[in-house]
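Here's the structure, in structure tokens; my notes come after.
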Amino acid sequence: MTNKPNKPIMLFDCKTAQSVIGQNKFLEGFEKILNHGAYCQGPETKELDEKLAQYSGAKYCSTCGSGTDALTLALMAWNVKPGDAVFVSSFTFVASAEAPVLLGATPIFVDSDPNTFNMDPKDLQRAIDEVKKEGKLNLKAVVAVDIFGSPCDYDEIIKIAHANGMKVLSDSCQSFGSVYHGKKAGSIADMSATSFYPTKPLGCFGDGGAVFSNTNEENELVKSCRVHGMSPEDHYDNVRLGMTGRMNSFQAAVLLLKLTILDKELKERVRVAKRYDSELSSYFGKQKVLDNCQSAYALYTIHCEDRDELMAYLKENGIPCGAYYPRPVNTQTAYKKWNTRSLPVCEKLSKTVLSIPMTPYLDDEDLDYVINCMNEFAAKKQNKAA
Ligand SMILES: Cc1ncc(COP(=O)(O)O)c(C=O)c1O
């Protein structure tokens with residue numbers, strides 16, 4: 001048994017980047033804002049919009065208050081409304097489905113692929129056929145979630161959605177920095193939404209998000225909806241419904257600094273994932289990243305039949321871990337009325353997945369310990385079974 005490191009092992013690490021970049025740099029950024037006084041959507045947010053668009057390869061980026069705002073704003077720009085069907089992964093954080101529901105649309109939950117954990121294009125096609133056959137809803141959009149940072153099968157999902165007259169919104173809330181066939185998150189689907197919640201691959205010091213789009217028209221609609229549907233010509237004429245969805249300048253200042261180390265942090269996440277991929281026992285199933293793709297590894301997630309026992313064992317041994325997500329959205333109280341389809345893979349995943357420590361700052365000592373503990377658990381189980 002490898003000795004437990006003399007320092008805590010982290011599941012997420014939102015703080016170390018502060019000292020990597022230097023606390024003073026953050027304070028300098030905050031001081032600038034205190035001096036110019038534009039606390040909301042100041043020059044920092046404008047600079048960030050440009051830098052994020054440049055980084056992702058999307059034509060336009062508009063920062064906003066959170067990932068949930070970003071999803072909602074994108075759907076508002078497409079005028080999603082009651083009577084619309086929005087197809088969404090069910091094995092996800094609730095916000096992916098909450099956004100269409102807030103706009104009065106009907107969420108149609110889609111099952112996951114058992115290997116990638118992402119939306120299964122075959123089940124998307126089945127769900128579309130079912131809604132068409134019923135003939136009650138207007139086919140509007142697909143929300144495809146890059147779960148744990150790993151890109152969806154966009155070629156298939158976009159092909160199916162477009163063939164049915166629908167747009168695809170990528171929920172890239174966990175995958176900023178990921179790559180799909182040479183394209184970065186933000187530039188792959190018709191529009192994309194990301195989150196800068198502190199635990200995300202690019203995290204700020206509070207809540208933040210961004211919408212990425214490829215047309216000026218969509219970007220202008222997002223910008224208008226972000227401030228209550230304001231007209232760009234007359235700020236006292238609100239020409240559509242919107243929300244308070246602005247990003248504050250302090251979070252933008254943080255993100256401008258964090259963006260400078262994002263690629264380095266992503267490389268370190270890949271280093272950690274590679275060790276897990278190659279050294280963890282085959283007793284654990286691992287999330288498959290599609291060929292020619294790179295996950296942003298917001299989380300590293302395995303699956304095994306005795307997940308709850310493994311979780312207790314790891315916690316006893318000082319290894320933090322979490323079951324993301326123990327309930328698919330379609331089974332949650334507020335969403336049960338839309339639980340109309342059988343989603344066996346989502347159900348199974350919710351009982352078997354476990355996310356284990358994934359931060360850019362885990363060192364070999366931490367990883368040796370985590371891997372050894374997990375492999376010991378697997379060996380005990382396998383010996384019992386033999
Ligand atoms: C897949 C997914 N979608 C949406 C969100 C919502 O982002 P936020 O918490 O910034 O509103 C999250 C955040 O956890 C997420 O993981």
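Near Ser89, the amide H atoms lying under 5 Å from its own belong to Val110, Val143, Val145; only residues 5 or more places off or on other chains count, and H is placed 1.01 Å from N.
Looking at segment 18-259, the DSSP beta bridges with both ends there are about 45 percent antiparallel.
Taking amide H atoms as placed 1.01 Å from N in the peptide plane, the amide H of Asn138 lies under 5 Å from those of Asp84, Ala85, each 5 or more residues away in sequence or on another chain. The convex hull of the Cα atoms of the chain, projected and averaged over all directions, covers 20.0 nm². Applying 1/(1 + (r/R0)^6) with R0 = 22 Å to the Cβ-Cβ distance of Thr16 and Glu365 gives a FRET efficiency near 0.90.
Segment 289-351: Rg/Rh from Cα coordinates, Kirkwood Rh? Result: Rg/Rh = 1.05. Within straight-line reach of Lys4, meaning a Cα separation under 15 Å, sit the following aspartates and glutamates at least 8 residues removed in sequence or on another chain: Glu316, Asp363, Asp364, Glu365, Asp366, Asp368, Glu376. Largest GNM mean-square fluctuation among Asn118, Asn216, Asn138, using the chain with Cα springs under 10 Å: Asn216. Applying the criteria of a DSSP loop state and at most 13 other Cβ atoms within 10 Å to the trypsin sites (Lys or Arg not before Pro) of segment 103-198 yields Lys136.
Which entries in Lys81/Lys184; Lys51/Lys184; Lys200/Lys258 show an alpha-carbon gap greater than 20 Å? Intermediate values should be presented prior to the final figure.
Working: Lys81/Lys184 29 Å; Lys51/Lys184 14 Å; Lys200/Lys258 11 Å.
Among Lys81/Lys184; Lys51/Lys184; Lys200/Lys258, the Cα-Cα distance tops 20 Å for Lys81/Lys184.
Taken one residue at a time, the phi angles of segment 351-363 give Karplus couplings (6.51, -1.76, 1.60, θ = phi - 60°) of 9, 10, 7, 8, 9, 10, x, 8, 9, x, 10, 6, 9 Hz. Gly and Pro are set to x.
Per the Kirkwood formula on distinct C-alpha pairs, the Rh of segment 261-385 is how many angstrom?
15.9
The value of relative contact order for the chain, using C-alpha pairs under 8 Å at least six residues apart, is 23 percent.
FRET efficiency for the Asp308 to Lys267 pair, using the beta carbon distance and R₀ = 35 Å, is estimated at 0.55.
Along segment 310-318 the Karplus relation, 6.51 cos²θ - 1.76 cosθ + 1.60 evaluated at θ = phi - 60°, assigns HN-Hα couplings of 4, 4, 5, 5, 5, 5, 4, 9, x Hz to successive residues, with x for each Gly and Pro.
Model label sites at Lys274 and Lys81, defined 7 Å from Cα along the beta-carbon direction, differ in position by 5.2 nm. Placing unit charges on each Cβ (+1 for Lys and Arg, -1 for Asp and Glu) gives segment 291-386 a dipole about its Cα centre, and among Phe377, Cys321, Pro344 the Cα reaching farthest toward its positive end belongs to Pro344. Think of each Lys and Arg Cβ as +1 and each Asp and Glu Cβ as -1; about the Cα centre, that makes the dipole of the chain roughly 480 debye. The GNM of the chain, with springs linking C-alpha atoms under 10 angstrom apart, assigns the highest mean-square fluctuation among Glu130, Glu218, Glu233 to Glu233. What the phi angles of segment 23-40 give under the Karplus curve with 6.51, -1.76 and 1.60, with θ = phi - 60°, is a coupling list of 4, 4, 4, 5, 5, 4, x, 5, 4, 4, 5, 4, 6, 7, x, 8, 6, 10 Hz, glycine and proline written as x.
Compute the Kirkwood hydrodynamic radius of segment 29-110, taking the inverse of the mean of 1/r over all pairs of distinct Cα atoms, and give it in Å to one decimal.
Details: mean 1/r = 0.0677 Å⁻¹.
14.8 Å is the Kirkwood radius here.
Throughout, read-outs are computed from the coordinates displayed, never taken from laboratory work. This is a predicted model, so every value here is computed, not measured. Glycine also receives a Cβ, built like all others from the backbone with ideal geometry; neighbour counts cover every protein chain displayed.
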